[in-house]
Ligand code: SF4
Ligand code: SF4
């Protein structure tokens, strides 16, 4: 097992002595720059890697270490999607378009500085609603202008439906916005008409196929303009069974041809309580295995993002956690000044830890590839608090990260959200049943700790859970499990 560093990632979140922390981070003989160079994927150039290596959404590996925050300054939207109702909010719910409080650009600045001082993992500031960042442009622009003056190294990101995007691409480039997400659910307006009841374009409301055709053309134009300016673009697509699921293969081809950097296929979230058209009409979302099936079909097309958490429009923290409720307006100081020391110290530590993780991961992947047997694949769920390690109690996990071990090595394939099974020592059987259902297709669970009762119930459901690899890197533990499960046994002599 590789040893965790003398100062842990957890320690940086507590009150700290910055000088001691920095000294400890650099005393291992591994400078951040030397570790950084080994982390780059082989198929990516240095310049692109430099732009994504600390972005939790654009780099799967970075999401173990870096956090994003969304500020809800863009309130208005120019289209209606059948899966959206911005009036509904539940503070415990993670769903795009949902916010507890809308902000002005000044309030957003105060919030971002407060978070940057207290959450050293922060690397990305996004505007993802609750409306559309390009349609509510003045607020998006004012927010970015003031924050980039205060915290110049925070990466700026927007998310848009694309309708107003072509009008603002040049300004985005001037403001140094390097990452843009466009939600593209169709390239065929007939299918689009089943997803979008109306759009508002050139001072008129338009409906049906006409509306979807305009939206499609604007989305493609916006994507081409971003590509021409070298801005990295991620495409989000909502998978809606029976409406656009198979069609997303064509969407993937279209966006790849137009230079999209990543394609993120997300499951439709649909519930009558949300009051959306799909929720009220019984349109279901895909199961975890249906989503994985489509993602597997898309492998080889535009590069896929599989670690999206479908965050709220006011989310704060690492992907998979939301600390937004710690930073509501009533808790923010009236006046706040940015202090860069905590973020800088955190980056030093992370650079070293990531170098160690990458080496362990490479070794584990090589070992699985070597041990791989035909058809031998397994899905393993990992409970983690971050850092790529198995460091969360089974009963406290709010999600599991799922890896597939096969002839391709060890690949992160997604996450499964669950309700925390045990809070304060009291487990609930109903929640455990839901957890078992969420683990469909998974054969093994790795966690830091687990009680006998849930362990036995998991075994009864065909899932083996263990804390034998507590605090290991996920890939290292999975390679050991794989070797155990699929080790090639000596062939029997024939009679
Ligand atoms: S574009 Fe976003 S905010 Fe607008 S209706 Fe669709 S999901 Fe809701
Ligand atoms: S919704 Fe997905 S892409 Fe957007 S910040 Fe969350 S994880 Fe990243």
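The values are calculated or read from the model by the stated rules, or taken from the named source; none is laboratory data. From a predicted model like this one, the values you see are computed outputs, not experimental measurements. Every residue, glycine as well, gets a Cβ built from its backbone with ideal geometry; the counts of neighbours run over all protein chains shown.
Might you check whether a residue that is surrounded by fewer than 21 Cβ atoms within 10 Å (Cβ to Cβ), more than 21 Å from residue 156 (Cβ to Cβ), at pLDDT below 95 and within 16 Å of ligand 2 (Cβ to nearest atom) occurs anywhere in segment 94-103? Yes, because at least one residue in segment 94-103 is surrounded by fewer than 21 Cβ atoms within 10 Å (Cβ to Cβ), more than 21 Å from residue 156 (Cβ to Cβ), at pLDDT below 95 and within 16 Å of ligand 2 (Cβ to nearest atom). A count restricted to segment 178-205 and to residues that are crowded, with 23+ Cβ neighbours inside 10 Å and under 27 Å from residue 68 (Cα atoms) stands at 6. Restricting attention to segment 171-200, and to residues there that are assigned to a helix (DSSP H, G or I) and touching a residue at least 40 places away in the same chain (Cβ under 8 Å), which single residue is nearest to ligand 1 (Cβ to nearest atom)? The selected residue is 191.
Per-residue answers, yes or no, for (1) surrounded by fewer than 24 Cβ atoms within 10 Å (Cβ to Cβ); (2) at pLDDT below 95:
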{"site": "114", "(1), (2)": "yes, no"}
{"site": "127", "(1), (2)": "no, yes"}
{"site": "134", "(1), (2)": "no, no"}
{"site": "137", "(1), (2)": "yes, no"}
{"site": "141", "(1), (2)": "yes, no"}
{"site": "144", "(1), (2)": "no, no"}
{"site": "149", "(1), (2)": "yes, yes"}
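Just to be sure, is residue 74 modelled with pLDDT of 90 or more and within 16 Å of ligand 2 (Cβ to nearest atom)? Answer is yes for this residue. The set of residues in segment 265-278 that are surrounded by fewer than 21 Cβ atoms within 10 Å (Cβ to Cβ) and either within 16 Å of ligand 2 (Cβ to nearest atom) or at positive phi (or both) comprises 266, 267, 269, 275. Quick check on residue 164: is it out of contact with any strand residue (DSSP E or B) (no Cβ under 6 Å at 6 or more places or on another chain) and within 16 Å of ligand 1 (Cβ to nearest atom)? Yes. Please go through segment 394-413 and give me each residue that is surrounded by fewer than 24 Cβ atoms within 10 Å (Cβ to Cβ), in contact (Cβ under 8 Å) with a residue 60 or more places away in the chain and not in a strand (DSSP E or B), ordered by number. Within segment 394-413, just 398 meets the criteria. Restricting attention to segment 380-405, the residues that are over 16 Å from residue 64 (Cβ atoms) and out of contact with any helix residue (DSSP H, G or I) (no Cβ under 8 Å at 6 or more places or on another chain) total 3. Based on what the data block shows, is residue 363 over 22 Å from the mean Cα position of the chain (by Cα), buried (at least 18 other Cβ atoms within 10 Å of the Cβ) and modelled with pLDDT of 90 or more? No: the conditions fail for residue 363. Cβ-Cβ distances below 8 Å connect the following pairs, each with a first residue in segment 442-471 that is without any contact (Cβ under 8 Å) to a residue 24 or more places away in the chain, a second residue that is surrounded by fewer than 17 Cβ atoms within 10 Å (Cβ to Cβ) and in a loop (DSSP other than H, G, I, E, B), and a separation of six or more residues or different chains: 462/443; 464/443. The residue that is surrounded by the most Cβ atoms within 10 Å (Cβ to Cβ), counting only those in segment 152-170 that are away from ligand 2 (no atom under 16 Å from the Cβ), at pLDDT 95 or above and outside any helix (DSSP H, G or I), is 163. Checked against (1) assigned to a helix (DSSP H, G or I); (2) within 16 Å of ligand 1 (Cβ to nearest atom), residue 141 meets all criteria but (2).
As for segment 369-381, it holds at least one residue that is without any contact (Cβ under 8 Å) to a residue 24 or more places away in the chain and either away from ligand 2 (no atom under 16 Å from the Cβ) or crowded, with 20+ Cβ neighbours inside 10 Å (or both). Quick check: anything in segment 79-87 at pLDDT below 90 and either at positive phi or within 12 Å of ligand 2 (Cβ to nearest atom) (or both)? No. Residues that are assigned to a helix (DSSP H, G or I) and within 19 Å of residue 128 (Cα to Cα) were ranked within segment 41-89; the one that is nearest to ligand 1 (Cβ to nearest atom) is 63.
On the given criteria, is residue 397 touching a strand residue (DSSP E or B) at 6+ places or on another chain (Cβ under 8 Å), away from ligand 2 (no atom under 16 Å from the Cβ) and either more than 24 Å from residue 130 (Cα to Cα) or at pLDDT 90 or above (or both)? In short, no.
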